[in-house]
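Heads up: the structure comes next, in structure tokens.
The values are calculated or read from the model by the stated rules, or taken from the named source; none is laboratory data. Everything quoted here is computed from the prediction, not taken from an experiment. Reconstructed Cβ throughout: ideal geometry from the backbone, glycine too, with neighbour counts over all protein chains shown. Accessible surface is based on the protein model in full, side chains and every heavy atom, while ligands, DNA and RNA are left aside. Shrake-Rupley method; radii C 1.70, N 1.55, O 1.52, S 1.80 Å.
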Amino acid sequence: MGILIPRLETARLTLRPYTARDIPELVSLIGAREVAATTLRIPHPYTREDAMQFLHNIENGSELHLAVTLLSDGRLVGGAGLNPAESHQHAELGYWLGVPHWRNGYATEAASELLRYGFEDLHLHRIFASHFTNNPASGRVLRKLGMRHEGCQREHVHKFGQFLDLELCGILREEWLVHRDHAQQDKARQNPEVRE
């Protein structure tokens with residue numbers, strides 16, 4: 001029995017359950033070596049069989065995995081998810097984007113919505129994430145979310161023939177509330193026509 005998978009929307013994105021119709025695009029996007037090189041758990045090469053097993057695991061697992069699609073046309077651009085540990089009231093955040101969709105702010109937008117969902121709907125106390133030291137772009141995403149750097153696991157992961165350092169980041173619910181309020185105030189200052 002799997003978990004209830006929500007459908008979430010942001011200004012530009014829809015985060016929705018994966019379907020079998022996503023498999024061709026999923027394999028094409030996630031199959032890029034550049035994507036696998038920036039993630040902990042995505043293998044390379046990535047095959048149709050890998051995608052089918054991924055969908056099977058989602059249906060029967062306790063992790064939340066959502067397809068990240070463009071609100072405008074429904075095109076798949078990446079994926080994001082939370083791996084909750086209910087007894088500890090925390091979850092690990094993860095995300096990936098297809099190479100053609102890098103540098104558009106989609107990772108920050110999708111991950112920000114997952115933080116909101118985790119803290120408001122799942123009532124989590126803490127959300128954490130990690131990134132490879134050689135992937136500073138992901139570190140910037142986590143800092144934009146208000147996460148703090150909590151340490152480095154040296155040569156923690158073996159990928160593509162080398163040992164890689166893993167940078168750990170996290171945010172507590174009360175820190176997220178402050179970060180969210182500051183972001184809303186900044187947005188209101190930048191767009192003074194929008195008043196409550």
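Odds and ends about this structure:
- Rounded FRET efficiency, nearest 0.05, which uses the C-beta distance separating ASP181 from GLU63 and R0 of 41 Å: 0.90
- Farthest positive-ward along segment 27-83 dipole, Cα basis, beta-carbon charges - from LEU71, LEU82, ILE58: LEU71
- With every protein chain in place, the chain: carbon and sulfur % of accessible area (1.4 Å): 50 percent
- Over the chain, relative contact order from alpha-carbon pairs under 8 Å, at least 6 apart, %: 17 percent
- For the chain, the fraction of alpha-carbon pairs lying more than 23 Å apart is 45 percent, rounded to a whole number.
- For segment 74-90, 3J(HN,Hα) per residue [Karplus equation, 6.51 cos²θ - 1.76 cosθ + 1.60, θ = phi - 60°, Hz, x = Gly/Pro]: x, 5, 6, 10, x, x, 8, x, 10, 10, x, 10, 4, 5, 9, 6, 9
- Accessible surface calculations at 1.4 Å, restricted to protein heavy atoms, place segment 41-187 at 55 Å² per residue.
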